[in-house]
Structures are given as C-alpha cells and as structure tokens.
Amino acid sequence: MSFEATITSIHQMTPETKQFIVRADEEFEYEPGQHTTVQFDPEETGIDAEEEGTVVRPYTATNLPGTNAITLAIKRYEEGTASVYMHDRETDDTITLGDLEGNLTLRDVDEDVVFVSTGTGITPMIPMLRQYTREGTGEAHFFYGEKTQEDLMYRETLDALDAQNSNLSVVYSLSEEDWDGPTGHVQEHLSEYVDDPESRRYYTCGVPQMVVDTKEHLDELGVPDDRVVSEGWEDGAVED
Ligand SMILES: Cc1cc2nc3c(=O)[nH]c(=O)nc-3n(C[C@H](O)[C@H](O)[C@H](O)COP(=O)(O)OP(=O)(O)OC[C@H]3O[C@@H](n4cnc5c(N)ncnc54)[C@H](O)[C@@H]3O)c2cc1C
C-alpha cells in the first residue's frame, strides 16, 4: 500500500547525506530496523530513470516508532535516481511512501549484540541500537565503517549513546583516512574488541560484498550462521 507524506525538515548530515523528517496523517507502524519505499514517476519530475514507470527504492526509518513521523537518512549518488529525487526535495513537499517492512529487526533484547555496518548500511542499525539502549539487558558493540571522518553518519548520536551507556562500545573504522582510530575493513576489527564471539547475536548491513565478507569472517571466528542477521538478499547479489 502507498500513502502520501510531507517533508517537514531537511538537514545536511554529511557532504553527501541528508536527513529528512517525513510526516503522514496516521502513526507509522513498524519495528526498528524496517524500511519504507520512496515512490515517484520520473516523467513528472524531470529525473532520468533507466526503468519505465514508477521508481521504487527502499529507505530505512532511523527513529523509533510511536508517532506520525519518520526520519530518513539518504545518501546522494551523482548518477542516482531516487537519491537525486530526494535531495532535490524541499520542506513542505509531498512524497509517496510504501508500507514499512524488512527482516533486520532485533531478535532478543536480552542477549549480547554486535552491530556491523558500512556506509548507509548504518540506517537500520541506528533504530535497533536506540531500542537496545532502552530495552536491552546485555552488552552491545557497534562497529561502523566509512571512508573518512566527515562521511561518518550519526557520529554525534553514537558518541552520546556510547558515553551514556556503560554496556555499549562504539568502534569506527576508516578506509580512506589515516587517523588515530582503527582503519581498513571494519569487520576485521571484531576479534580485537569482542570476547566469546560465538555467544553473541550479530546484525549486519552494507553493500552486499561487505555483508558476505562479514558472514565469512564470523564463520572463521566460530559464530554459527543462525546468530547472524542480515536483510537476507546479499548472498544472491554477490557473484562468485
Ligand atoms: C532494505 C534497504 C534499505 C535501504 N535504506 C537506505 C537508507 O536508509 N539510506 C540510503 O541512502 N540508502 C538506502 N538504501 C539504498 C537505496 O534504496 C538506493 O539503492 C540508493 O539510494 C540508490 O538509489 P538511486 O535510485 O539513487 O540509484 P539507482 O537508480 O539505483 O542507481 C543509478 C546509479 O547510481 C549509482 N549508485 C547507486 N547506488 C550506488 C551505490 N550503493 N554505490 C555507488 N553508486 C551507486 C550508480 O552509478 C548507479 O548506476 C537501502 C537499500 C535497501 C535494499
């Protein structure tokens, strides 16, 4: 089902990423980690699209449910379609959204959890982490990989949550900047920070290759497959 919603606030988060507050008439119903879809007809907007007909792209709600608003954090790609459409929007514009759905939701708030994401793959991790810091009773590790410090999304939020929650530790790894923190592929730092890796639940999201590499790395650390949660389509998107 699709419905109309109004953009009520736009904020530039990083050089390529904007946050949008989008409000509908009714309360949004979803579990933290799920995504809506942005839908539009490119012929009505002047945006070039490769496909015919309505463009439909998933974007994740980064706030917790309970109101008639969601926040979306969207990275713009130079050659993109929906990401360019969204970055061209202004406050008070109306957009069409689809119902929220998806597999990346917290399985159990009483177990120890590890979140591993890169790039915009952080978007489902943020509401799951917000939920865990409210309801969780175990230990949480949050690993996030980006290119440079200025590309890090939600750094203020994550640093504040890290400081407020003694059961949370946040690790950033940068692939294109030499700094005083970890560098290179974020998943390769897991064993430096996580004891007893096989006893925890993992949530991972990023480009398909990163998700597949993370699953392989966790397998090498002795983590059973059923303790790793991802959106679920990534294996099929990576060619052998
Ligand atoms: C479940 C799910 C949730 C998602 N949540 C979010 C979210 O919260 N925030 C967010 O920003 N995105 C999110 N995405 C990605 C989003 O759905 C789009 O794929 C992305 O915005 C690109 O769409 P587009 O229409 O602009 O580009 P497309 O029309 O799909 O692609 C056109 C061109 O843009 C460029 N491009 C597109 N994607 C990439 C890429 N990943 N890397 C490099 N170049 C690229 C390429 O040149 C490509 O040929 C999510 C995806 C999924 C599957």
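The per residue volume of the convex hull around the alpha-carbon atoms of the chain is 137 Å³.
Helix 155-164 axis versus longest C-alpha principal axis of the chain: approximately 40°, rounded to the nearest ten.
Each DSSP beta bridge with both residues in the chain is either parallel or antiparallel, and the antiparallel ones are about 60%. Shape class of the range 113-237 from the Cα gyration tensor (axes a ≥ b ≥ c, square roots of the eigenvalues): rounded, since a/c falls below 1.5.
Whole angstrom only: what separates the Cα centroid of the range 15-63 from the Cα centroid of the range 80-109? After rounding, the separation between the Cα centres reads 3 Å. Checking every one of the trypsin sites (Lys or Arg not before Pro) in the range 62-122 against DSSP loop status and a limit of 16 other Cβ atoms within 10 Å picks out R76, R107.
Residues within the reach of a label modelled at R130 (point 7 angstrom out along Cα to beta-carbon, backbone nitrogen below 20 Å), restricted to the range 43-78, are 58-75. Phi-derived couplings, Karplus 6.51 cos²θ - 1.76 cosθ + 1.60 at θ = phi - 60°, listed residue by residue for the range 108-113: 7, 7, 9, 9, 6, 10 Hz, with x used for Gly and Pro. By a straight-distance test (C-alpha under 17 Å), which aspartates and glutamates pair with K75 as possible cross-link partners, with residues fewer than eight away in the same chain excluded? Cα-Cα hits under 17 Å: E16, D88, E90, E146, E150, D151.
Values in this text are rule-based calculations from the coordinates and carry no lab data. Everything numeric in this text was worked out from a predicted model, so none of it was measured. Using ideal geometry, Cβ is built from the backbone for each residue, glycine included, and neighbour counts are taken over all protein chains shown.
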